[in-house]
Amino acid sequence: FKPTALTAADCNANKEKYGIQNCMTGDNDYWGGAMKACAEQGKRLSSDNELTMLANDLYNTTVNGGDSEGFEADLDMDKANKYGIPLYESSGGGFSTIILWGNWEVNESRASVRDFSSDSTTWHSFGNRFYSGPQFWAVCVGE
């Protein structure tokens with residue numbers, strides 16, 4: 001799903017309920033909006049390990065690596081379509097990145113993300129929580 005922004009007031013009033021430790025000072029917290037949406041469904045935002053498992057499946061290989069370490073592989077487009085992963089055709093051909101929020105909160109302004117493109121996947125710990133471009137999405141999981 002495409003998260004909507006969480007306001008600072010909503011975050012400060014409900015951060016324990018949403019599983020957030022630190023609220024942004026502004027009203028454009030899209031990672032916080034993803035955390036809220038998952039909590040309201042009785043679920044949680046995907047963990048970094050779960051996003052890595054998804055990458056393993058989507059790229060038909062074993063993905064690993066640390067922060068900002070990219071892994072080059074070809075995305076299985078049939079699987080991406082089956083999962084409903086929205087990919088955006090780039091102007092130069094191929095597909096540009098979709099980015100999924102992870103549930104790891106770095107601080108009040110950053111959270112983890114994993115990006116998926118046609119030929120690579122990368123995990124980052126520096127997704128700015130105010131990012132809202134068309135490529136930023138989230139996946140909730142149940143226990």
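Listed values, structure above:
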{"read-out": "Positions within region 40-61 being under 20 Å from Ser112 (Cα atoms), among the polar types (S, T, N, Q) and in contact (Cβ under 8 Å) with a residue 24 or more places away in the chain, in sequence order", "value": "Ser46, Ser47, Thr52"}
{"read-out": "Candidate set from region 94-132 (those that are β-branched (Val, Ile, Thr) and at pLDDT 90 or above); member that is least open to solvent (accessible area, probe 1.4 Å)", "value": "Val113"}
{"read-out": "Boolean, Asn64 is closer than 18 Å to Asp115 by Cα, open to solvent by 40 Å² or more (accessible area, probe 1.4 Å), modelled with pLDDT under 90 and in a helix (DSSP H, G or I)", "value": "no"}
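Conditions tested, residue by residue: (1) assigned to a helix (DSSP H, G or I); (2) touching a helix residue (DSSP H, G or I) at 6+ places or on another chain (Cβ under 9 Å).
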| position | (1), (2) |
| --- | --- |
| Asp10 | yes, yes |
| Asn14 | yes, yes |
| Asn22 | no, yes |
| Met35 | yes, yes |
| Gly42 | no, no |
| Glu50 | yes, no |
| Asn56 | yes, no |
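The values are calculated or read from the model by the stated rules, or taken from the named source; none is laboratory data. These figures come from a predicted structure and were not determined experimentally. Glycine also receives a Cβ, built like all others from the backbone with ideal geometry; neighbour counts cover every protein chain displayed. Quick note on the areas: whole protein, heavy atoms, side chains included, nothing else; ligands and nucleic acids left out. Shrake-Rupley method; radii C 1.70, N 1.55, O 1.52, S 1.80 Å.
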